[in-house]
1. Would you be able to say whether some residue in the stretch B:98-105 is in a strand (DSSP E or B) and over 21 Å from B:CYS20 (Cβ atoms)?
2. Filter the stretch B:174-201 for residues that are not in a loop (DSSP other than H, G, I, E, B) and not aliphatic (A, V, I, L, M) and give the result.
3. For the stretch B:98-156, give me each residue that is at the interface with chain A (Cβ under 7 Å from one of its Cβ atoms), surrounded by fewer than 20 Cβ atoms within 10 Å (Cβ to Cβ) and of a type in the set (S, T, N, Q).
4. Does the stretch B:45-71 hold any residues that are among the hydroxyl-bearing types (Ser, Thr, Tyr) and buried (at least 16 other Cβ atoms within 10 Å of the Cβ), and which are they?
5. Looking only at the stretch A:73-92, which residues are touching a residue at least 40 places away in the same chain (Cβ under 8 Å) and either among the basic types (Lys, Arg) or in contact with a Gly (Cβ under 8 Å, 6 or more places away or on another chain) (or both)?
6. From the list B:PRO135, B:PRO31, B:PRO128, B:PRO66, which residue is closer than 27 Å to B:GLN180 by Cβ, at pLDDT 95 or above and of a type outside the set (Val, Ile, Thr)?
7. Can you tell me which condition A:ARG142 does not meet? The list is (1) modelled with pLDDT of 85 or more; (2) farther than 19 Å from B:HIS87 by Cβ, and all the others hold.
Amino acid sequence: MNREETNKINDDLLRPLLQTSGWFYVIVVLLGGIIVAGLGSWLYQMSRGLVVAGIKWPVYWAFYVTNFVFWIGISHAGTLISAILRLVNATWRRPVTRCAEVITVFALMIGAMFPIIHLGRPWLFFWLMPYPSERQIWPNFRSPLVWDFFAISTYLTGSNFCTHCLPKLYRSSQFGS
Amino acid sequence: MAHRWGMAVDLDRCTGCEACVTACRAENNIPTVGPVQAARGRAMHWIRVERYYEGEFPDVRVKFRPVLCQQCDAAPCEPVCPTYASHHTEEGLNAQVYNRCIGTRYCANACPYNVRFFNFANPVWDRPLNLQLNPDVSVREVGVMEKCTFCVQRINAGKTQAKAENREVRDGEIQPACAQACPTTAIVFGDLNDPESEVSHLSRSTRGTKLLEDVGAKPKITYLQRQS
């Protein structure tokens, strides 16, 4: 592959990153509206309590935890597809692998929101994380919920660095400039 | 010797009058949620009286069982709490630290007895109940789990009184609100580490059983009933 051909491929690849049409902004407004609606609902839930979420005694976990598991599952599927395509060394794999890796990272980020939304007092969510506080209270490492935090953060770090997602972004930034 | 608080509930004496439920609500500042939310399963009863019907229609016998936190020795709610809000005190009580609770509700899911209650909404007391709040008991915020404490404020007050008078706590001196209100004295509270206390005698009774014993949570409440 000569240099001219490489440049052409790179230009084709990076065009949607560098040039945006009006539709892009329409979609941004639409999806941004969904985000604003979600944030509003969350603030409403925080002010009124989880009574608005339809959860009751004795079933204390409901669709927030279900959503968490669902999105983690989607994320696992992304990793699985990308890993299998890598392992069998399929030459046509590149675009599929990229899609799968992006799904992994973003589905995980969506999933990681739900345990926090699920909390009764979400403004204290950082008590789930091990950090040296002035009270020297660490989270209870026997609790599976603390290991949820470790699982999500490990998976997020791993899928960002080990699946070449960040290196690819770095390369595109190099060509773009 | 450290205390180990326990309880014995004589089901043959229980008439199901629910005086214990009312007394508990008054003593422990338990908020009311109103009829609509109560029907949706958001009522909080630290102690409840379960009803069981035996026999066919004309020949029915109703059995009552007051169920409250069993203050388990191997409590399933404790290891699952990520913030140690649910923890074991030196006297074997199953304490809930409201200020540490962030409302993951894991403890309530782990509890086999369904005796943990969550503040789904901001706590309210219908007038004039707001005028009778007990100053010895903290009011819980929205998003916090709460449950029976064996009236820990009364236990501490009793111990302080005994210390001030330079003596040991007498058996029967400390009574939680439910035991105090029980007209048939079906509920007996005391120190299980004192082999001569009434609750120790009752706990050794051949009529005694534990609730859901096969779960292995080692509850400290013994239910007494005629074994047939």
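1. To start, the set of residues in the stretch B:98-105 that are in a strand (DSSP E or B) comprises none.
Looking through the stretch B:98-105, none of the residues is in a strand (DSSP E or B) and over 21 Å from B:CYS20 (Cβ atoms).
2. Initially, the stretch B:174-201 is screened for residues not in a loop (DSSP other than H, G, I, E, B), giving B:177-181, B:187-191, B:198-201.
Across the stretch B:174-201, the qualifying residues are B:CYS178, B:GLN180, B:PHE189, B:GLY190, B:ASP191, B:GLU198, B:SER200, B:HIS201.
3. If the condition is that a residue be at the interface with chain A (Cβ under 7 Å from one of its Cβ atoms), surrounded by fewer than 20 Cβ atoms within 10 Å (Cβ to Cβ) and of a type in the set (S, T, N, Q), then B:ASN109, B:ASN114, B:ASN122 are the ones that fit.
4. First, the residues of the stretch B:45-71 that are among the hydroxyl-bearing types (Ser, Thr, Tyr): B:52-53.
Residues satisfying the conditions do not exist here.
5. A:SER75
6. Values: B:PRO135 fails: at pLDDT 95 or above; B:PRO31 fails: at pLDDT 95 or above; B:PRO128 fails: at pLDDT 95 or above.
Testing whether each residue is closer than 27 Å to B:GLN180 by Cβ, at pLDDT 95 or above and of a type outside the set (Val, Ile, Thr) leaves just B:PRO66.
7. (2)
Yes/no matrix, rows are residues, columns are (1) more than 17 Å from the chain's Cα centre (by Cα); (2) crowded, with 18+ Cβ neighbours inside 10 Å:
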site	(1), (2)
A:VAL69	no, no
A:GLY73	no, no
A:ALA77	no, no
A:ALA83	yes, no
A:THR104	no, yes
A:TRP127	yes, yes
A:SER133	yes, no
A:ARG142	yes, no
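The values are calculated or read from the model by the stated rules, or taken from the named source; none is laboratory data. On a predicted model such as this, the values are computed, not experimentally measured, just so you know. Counting neighbours? That spans all protein chains shown, and the Cβs are built from the backbone with ideal geometry, glycine included.
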